[in-house]
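The values are calculated or read from the model by the stated rules, or taken from the named source; none is laboratory data. Please read all numbers here as calculations on a predicted model, not as lab measurements. Positions of Cβ are generated from backbone atoms using ideal geometry, with glycine treated the same way; all protein chains shown enter the neighbour counts. Ligands, DNA and RNA are excluded from the accessible area calculation, which covers all protein heavy atoms including side chains. Shrake-Rupley method; radii C 1.70, N 1.55, O 1.52, S 1.80 Å.
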There are 4 protein chains.
Amino acid sequence: MPRQPQPIRSDIACSTPDRITVRGLDLPGQILGRMNLGDFAYLQLTGQAATPEQSRLFNAVVITLVEHGITPSAIAARMTYAGAPEALQAAVAAGLCGLGSVFVGSMEGAAKMLYAALPQGTQGADLEALASATVAAHRERGLTVPGLGHPLHKPIDPRTPRLFAIAAECGHAGDYVRLMQLIGAEAERASGKSLPINATGAVGAICCEMGFPGHIVRGFGVMARAIGLVGHLLEESHSPMAVEIWQRVEDEASAHLRGTGQD
Amino acid sequence: MPRQPQPIRSDIACSTPDRITVRGLDLPGQILGRMNLGDFAYLQLTGQAATPEQSRLFNAVVITLVEHGITPSAIAARMTYAGAPEALQAAVAAGLCGLGSVFVGSMEGAAKMLYAALPQGTQGADLEALASATVAAHRERGLTVPGLGHPLHKPIDPRTPRLFAIAAECGHAGDYVRLMQLIGAEAERASGKSLPINATGAVGAICCEMGFPGHIVRGFGVMARAIGLVGHLLEESHSPMAVEIWQRVEDEASAHLRGTGQD
Amino acid sequence: MPRQPQPIRSDIACSTPDRITVRGLDLPGQILGRMNLGDFAYLQLTGQAATPEQSRLFNAVVITLVEHGITPSAIAARMTYAGAPEALQAAVAAGLCGLGSVFVGSMEGAAKMLYAALPQGTQGADLEALASATVAAHRERGLTVPGLGHPLHKPIDPRTPRLFAIAAECGHAGDYVRLMQLIGAEAERASGKSLPINATGAVGAICCEMGFPGHIVRGFGVMARAIGLVGHLLEESHSPMAVEIWQRVEDEASAHLRGTGQD
Amino acid sequence: MPRQPQPIRSDIACSTPDRITVRGLDLPGQILGRMNLGDFAYLQLTGQAATPEQSRLFNAVVITLVEHGITPSAIAARMTYAGAPEALQAAVAAGLCGLGSVFVGSMEGAAKMLYAALPQGTQGADLEALASATVAAHRERGLTVPGLGHPLHKPIDPRTPRLFAIAAECGHAGDYVRLMQLIGAEAERASGKSLPINATGAVGAICCEMGFPGHIVRGFGVMARAIGLVGHLLEESHSPMAVEIWQRVEDEASAHLRGTGQD
């Protein structure tokens, strides 16, 4: 019995000889010169044009994720560029590959934690009770609460109050932001440690406020970092560090073997 | 004689416990809530805040490159997501890996061609003579002129006049745009074929107008497509096509072998 | 207080002007022309030269994972190659990015499941009881038992009995292979469905027999598939399918939008 | 006029419920336990089973490319693994992305140079004249001759004489190996510098001897390095260096900015 083919369908964009339409809008006539890149990302993702408030908040969220200094991701991209400068796209790809559970994943973890405690559409929940239960559940299972704590930014992560302020100004500081704050306070109380809400916790909470599904939140970090990495590769092209890092690491890493080998 | 270490240095960003600075601006205070994503990309890349005109034009250029339908890049990303939905970053990376010579490379090729004909800072060049010489040089060597022609968008690519109009409104339609137009006209005349300036040609010319080095132009396509691919992966997560494509291709591709194998 | 640097050290290889040593062996003199690729992989991974039995079994395991037809991974690689034929390495990378939880991950899952039930070094365990408990634990949590079942290869996966036979001939069919077989039988009994041990289950069990840590087992699939993908890309270079797949998918996916757009 | 679909076809492998066939051979019955990994790679690529001589030489060639110490590729993979240990496949992919023009590309360049001078099937060519012309053509255009010179391995690369000796023992040291040697000698004479044939030059020449197309030669480096990188990631999982490298680089790279920022 042969397999029955299923339809293949995408609702994002279409082209005809004289038109290019994205999410129902005419790209040249209704988008170019009228939207900024963050708004277009919002349209691409949601199928809806952003309101001014959504625009301001979404742009702020994605910008927060663009540039974090000389990260492992930036080093991976620069190393790749040193070997294949003719394939800049592959250097960006290499830099993105590590945006997983350790760094960007906590953003997704925070959003999923908040949605699990407070499903979309919930009204009138007891947020303090949810915060206590959430922190307790993580502690019982020996798990870190996602979105809290930062090795450098103590006692507060300077991005968090600013992001929450913008969210409030834009009418998007509701129960998810409040719950994240309560979870942070409860985690500090329960652990006795300073656990500021970090940028990934703030972003996770705001993504819930804006209604984005938890599994796509990581994607905001990925698209943002792609921009950041192109900046790093441009710098690498005129002020390289990759070969110097490589030489230093190689020298040190195998010194104990070369010593033996040369005897 | 041991190797002499060279300094390792980046001028993009730095963090202290209470501050995050990108290109000399305070991220929370001077950037978040004040800039849009395209402007921040411009800052990340150039170290300069965009003027309103640069902002409008740069946002339009990058937006042009975000979404091109179900491209090979989108298919690669969707296929990857089907196998590793827990690693969305790797699916975006896979989609970016193919932004090379065939598709996005023509943008870089156009910029490099224009810079070669008209080095930055040139005044009062005979653009018509440069266009003729450029087209002739490509034809003699059997090379396609980058940035011209499109399989679908005929007789004009609808993005091109719009991008050039925005460039003019923003004061960035100078000799590079004019030269690209002359090259397009000369290539049509010489070949007798319809060769509209396509979006990559328009983007290449505008990147020269804005002073971006030719080797980073591809990066605009890469950062833009990262945004587009996150949109495709969000759609794939609720309206998948990858497994259906796979099944159809696998069935057809090896039918001739299975026929033999089953005898 | 400045951070205290930690040493950076690798024990894999070192080079001096006239020597290249890998895992303590002289590459030109002791490896080239004397080892096969699977044995060298074993040496690279374990630091030990494979015995003839380990060589035969490890080569068989990795070979099993090289080629699985026109998979999503092969399609992603071919799509990428169509866009960037000058960067074959990026096409292979794109194809590898999807070797995650859905396909190759089950191999890692099987190994980890077996190690969890039967920690390395365990003697005299009641394997039937462990199999029952393992299947019951998966069923209670609604989880699929990794390494069982195949959409096509029914009622048996033809690779499994062959791999287990080679393992037995090589003295590596001990408690892990037996436990995997008992788990398969118990899962079939409990579910009432045909659940043959598939190749990933067989490979997972053999990896435990050989003492490989569970978290590296996926790596065998990755290294193997890299070989397979180079084969696909060579075929794509002379008998392409990527552009045809793209055209078909693009036509079908947006037909409903183009219909509207053209009205 | 609708597009006419073209057939989609692959000749590599096929599966039926009870059979898996690769290149016409039954995988369980004719391959597993009988072939080594290098031989299977040869079969996958060429569609032919390797002779004992082809087996020995091809295994040596690919093994040569597996492990080159703590390269930029290994650093990129380790950095990626530090961020996404759950996606080992993406770490390998990141490491492969940089196998481009700077490192592995010279192998492809050497093969293409040799094929250009001596097309397949040429008989009785004047190899010395070809070598002189080839070197002269590179010098006139200011190009490096691919496959010559090494920063560390001087005055000879110890892999080269061994690879050429194995090639000779296997009956594959013909005109391409001879031409490469003559090119090396002529380049040394013309430049007055020590320019030993390096491993990529030796591999390029042997790939021509074996009849592999120039554009797939890079693929041997890619498949080989995938194996090497899995070894590095296994080591990184128990003896990490990525975070230490990151910390050192980050500290040093932005020290000049932090100094200013804290004033």
| List, please: which pairs have Cβ atoms under 8 Å, are six or more places apart or on different chains, and start with a residue in segment C:243-260 that is more than 7 Å from chain A (Cβ to nearest Cβ) and open to solvent by less than 60 Å² (accessible area, probe 1.4 Å) and end with one that is in a helix (DSSP H, G or I) and among the β-branched types (Val, Ile, Thr)? | C:Ile245/B:Ile75; C:Ile245/B:Ile245; C:Ile245/B:Val249; C:Ile245/C:Ile75; C:Trp246/B:Ile75
| For segment D:191-242, which residues satisfy the criterion of being open to solvent by 20 Å² or more (accessible area, probe 1.4 Å), farther than 25 Å from D:Ala50 by Cβ and touching a residue at least 60 places away in the same chain (Cβ under 8 Å)? | D:Ser237, D:Pro240
| Of the residues that make up segment A:43-52, is at least one away from chain D (no Cβ under 12 Å) and closer than 30 Å to D:Ser73 by Cβ? | no
| The listed residue being touching a residue at least 40 places away in the same chain (Cβ under 8 Å), out of contact with any strand residue (DSSP E or B) (no Cβ under 7 Å at 6 or more places or on another chain) and not in a loop (DSSP other than H, G, I, E, B), out of A:Ala111, A:Ala116 | A:Ala111
| task | May I ask you to list the residues in segment C:61-76 that are part of a helix (DSSP H, G or I) and either within 12 Å of chain B (Cβ to nearest Cβ) or open to solvent by 10 Å² or more (accessible area, probe 1.4 Å) (or both)? | result | C:Pro72, C:Ser73, C:Ala74, C:Ile75, C:Ala76
| said: What are the pairs with Cβ atoms under 9 angstrom where one residue, in segment A:127-141, is open to solvent by 20 Å² or more (accessible area, probe 1.4 Å) and the other, located anywhere, is not acidic (Asp, Glu) and not in a helix (DSSP H, G or I)? Sequence gap at least six, or different chains. | reply: A:Leu127/A:Leu118; A:Leu130/A:Leu118; A:Ala137/A:Leu143; A:His138/A:Thr144; A:His138/A:Val145; A:His138/A:Pro146; A:Arg139/A:Val145
| task | Identify, from the list B:Val217, B:Val177, the residue that is more than 8 Å from chain A (Cβ to nearest Cβ), within 13 Å of the chain's Cα centre (by Cα) and not aromatic (Phe, Trp, Tyr). | result | B:Val217
| said: Tell me whether segment D:93-101 contains one or more residues that are surrounded by fewer than 24 Cβ atoms within 10 Å (Cβ to Cβ), within 19 Å of A:Ala93 (Cα to Cα) and at pLDDT below 95. | reply: yes
| Residue satisfying all of: in segment D:2-25; part of a strand (DSSP E or B) and more than 9 Å from chain B (Cβ to nearest Cβ); surrounded by the fewest Cβ atoms within 10 Å (Cβ to Cβ) among these | D:Leu25
| field | Residue list for segment B:13-52, filter: modelled with pLDDT of 95 or more and in contact with a His (Cβ under 7 Å, 6 or more places away or on another chain) | value | none
| field | Any hit, segment C:77-85, residues being in a loop (DSSP other than H, G, I, E, B) and open to solvent by 10 Å² or more (accessible area, probe 1.4 Å) | value | yes
| Restricting attention to segment D:110-123, does a residue exist that is of a type in the set (Lys, Arg), over 28 Å from C:Arg19 (Cα atoms) and open to solvent by 60 Å² or more (accessible area, probe 1.4 Å)? | yes
| remark: Selection from segment A:26-47 of residues in contact (Cβ under 8 Å) with a residue 60 or more places away in the chain and either within 14 Å of B:Thr64 (Cα to Cα) or assigned to a strand (DSSP E or B) (or both) yields A:Ala41
| query | Would you say C:Gly83 is facing chain B (nearest Cβ under 10 Å), within 19 Å of the chain's Cα centre (by Cα), at pLDDT 95 or above and farther than 23 Å from C:Met210 by Cβ? | reply | no
| field | Test: C:Val230 is in contact with a Cys (Cβ under 6 Å, 6 or more places away or on another chain) and either part of a loop (DSSP other than H, G, I, E, B) or within 11 Å of chain D (Cβ to nearest Cβ) (or both) | value | no
| note | Flagged pairs (Cβ under 6 angstrom, 6 or more apart or on separate chains; first in segment B:148-171, within 24 Å of C:Asp251 (Cβ to Cβ); second open to solvent by 20 Å² or more (accessible area, probe 1.4 Å) and of a type in the set (D, E, K, R)) are B:Pro158/A:Asp18
| said: For segment A:151-174, give me each residue that is facing another protein chain (nearest Cβ under 9 Å), within 30 Å of B:Asn36 (Cβ to Cβ) and open to solvent by 50 Å² or more (accessible area, probe 1.4 Å). | reply: A:Leu152, A:Ile156, A:Pro161, A:Glu169
| said: Please verify whether B:Arg34 is charged (D, E, K, R) and more than 30 Å from A:Val249 (Cβ to Cβ), treating the condition exactly as stated. | reply: yes
| query | So is B:Leu182 open to solvent by 20 Å² or more (accessible area, probe 1.4 Å), away from chain A (no Cβ under 14 Å), touching a strand residue (DSSP E or B) at 6+ places or on another chain (Cβ under 6 Å) and farther than 16 Å from B:Leu65 by Cα or not? | reply | no
| message | Just to be sure before I move on: is C:Leu88 out of contact with any His (no Cβ under 9 Å at 6 or more places or on another chain) and farther than 17 Å from C:Leu148 by Cα in the structure I sent? | response | no
